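What follows is a single structure, written as structure tokens, with notes after it.
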Amino acid sequence: VRKAFTPTRFYMRGQGMSGRMGMMGTENSTQLSGEGIYIVVGIDASDFDAALREYLQHTMLIASLTALAGLAGIALLFFIQNYKLSRRMLEDTQALAAHVVHTLPVGLIATDSAGEITLSNRHARSMLGLVPDPQERESIHLMPVLEWRTLMEELDAGAVILERDAELLTADDKTLPVSVSASKILNREGTPTGYLFI
């Protein structure tokens, strides 16, 4: 702040005062007239500037985080919507596959690599004499109706089993001629996960 120096009336007139003050008012009145004399007052604003910079940095950081959170929320909404759509499509596909499997006019059995039944339709359960809705997994090796282990070993060796004639021993000890087709079940990486018998 810059301003011209203008002394007060007290200093300019000073008559009637004794001592140095009185002399100052009379003898030095020309010197105190204020011509060519200025008062300069300065403020060190470095602390204010530093605080302002810090405030701006915090503001930018909060704005960036808010924008990032908004973008993440939008992306999450799209992800949830796609997830729901994919899940619905998967459920529809599973329902269709289950309907096809259970209405096939042939017996179908799927097992894991150890021979435990993971999927079967009503025709296969009827031919093998199995209960309609088992509470626990059943092993195909406990069924003496076919040489399951031999068929699995052939599949493991790379053989193709397609419409092979065989005799199925039913639950009431009768022989039923059947045509057996079998293959290995592979996952997406091509690793065997079980067997399929039709």
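Okay, residues lined up against (1) among the charged types (D, E, K, R); (2) in contact with a strand residue (DSSP E or B) (Cβ under 9 Å, 6 or more places away or on another chain); (3) closer than 20 Å to A97 by Cα:
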position	(1), (2), (3)
H123	no, no, yes
V131	no, no, no
E136	yes, no, no
E153	yes, no, no
E163	yes, yes, no
P177	no, yes, no
L186	no, yes, yes
P192	no, yes, no
Y195	no, yes, yes
| task | For segment 167-185, enumerate the residues that are at pLDDT 85 or above and not β-branched (V, I, T). | result | P177, S179, S181, A182, S183, K184
| query | Counting just the residues of segment 91-150 that are open to solvent by 50 Å² or more (accessible area, probe 1.4 Å) and of a type in the set (K, R), which one comes out modelled with the lowest pLDDT? | reply | R137
| field | Complete set of residues in segment 139-170 that are touching a Ser or Thr at 6+ places or on another chain (Cβ under 9 Å) and not in a helix (DSSP H, G or I) | value | S139, V145, V160, I161, L162, E163, R164, D165, A166, E167, L168, L169
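The values are calculated or read from the model by the stated rules, or taken from the named source; none is laboratory data. As the structure is a computational prediction, the values presented were derived from the model and not from experiment. All Cβ positions, even for glycine, are placed from backbone atoms using ideal geometry, and neighbour counts span all protein chains on display. Heads up: the accessible areas ignore ligands, DNA and RNA and are worked out on the full protein's heavy atoms, side chains in. Shrake-Rupley method; radii C 1.70, N 1.55, O 1.52, S 1.80 Å.
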